[in-house]
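Written below as structure tokens is the structure these notes are about.
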Amino acid sequence: MRLTIRFLILLLVLVLTACQNHENREYLHWGEAEGNMIERLEYGGVDYKVEKGEVYIPKDQLKRATACCT
């Protein structure tokens, strides 16, 4: 019985953390949207957004973007 309750609590925590809202992230300017930069960010699994021809990445993914795009 206790094992079942622990499992359900663990499952609930995992589900809630997987459903985090990333809309309030802080984005950093990464560069101009040219060449294969977008392809490399997608290949590296980095989230990004493009506004007015400029690429922005989340601050928490800066190391990942640097590793895949340099």
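None of the figures in this text is laboratory data; all of them are computed from the coordinates on show. Since the model is a prediction, treat every value here as computed from it, not as a measurement. When we count neighbours, we look across all protein chains shown, and the Cβ atoms used for this are built from the backbone with ideal geometry, even at glycine.
Below are the figures for this structure:
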| quantity | calculated |
| --- | --- |
| Binned Cα-Cα distances of the chain, short to long, each 5 Å bin given as a whole percent | 3, 15, 20, 17, 11, 8, 7, 7, 6, 3, 2, 0 |
| Residue-span extension gain [R64 to L8] - 0.36 nm each, minus C-alpha spacing | 16.9 nm |
| Dipole of the chain, positive direction: furthest Cα of H29, G53, C68, with charges on the beta-carbon | C68 |
| Within the chain, longest stretch clear of exposed GluC sites (Glu not before Pro) (DSSP loop, no more than 12 other Cβ within 10 Å) | 35-70 |
| Theoretical ellipticity at 222 nm over the chain - DSSP helices of four or more residues, -39500 (n - 2.57) apiece, nearest 500 | -13500 deg cm²/dmol |
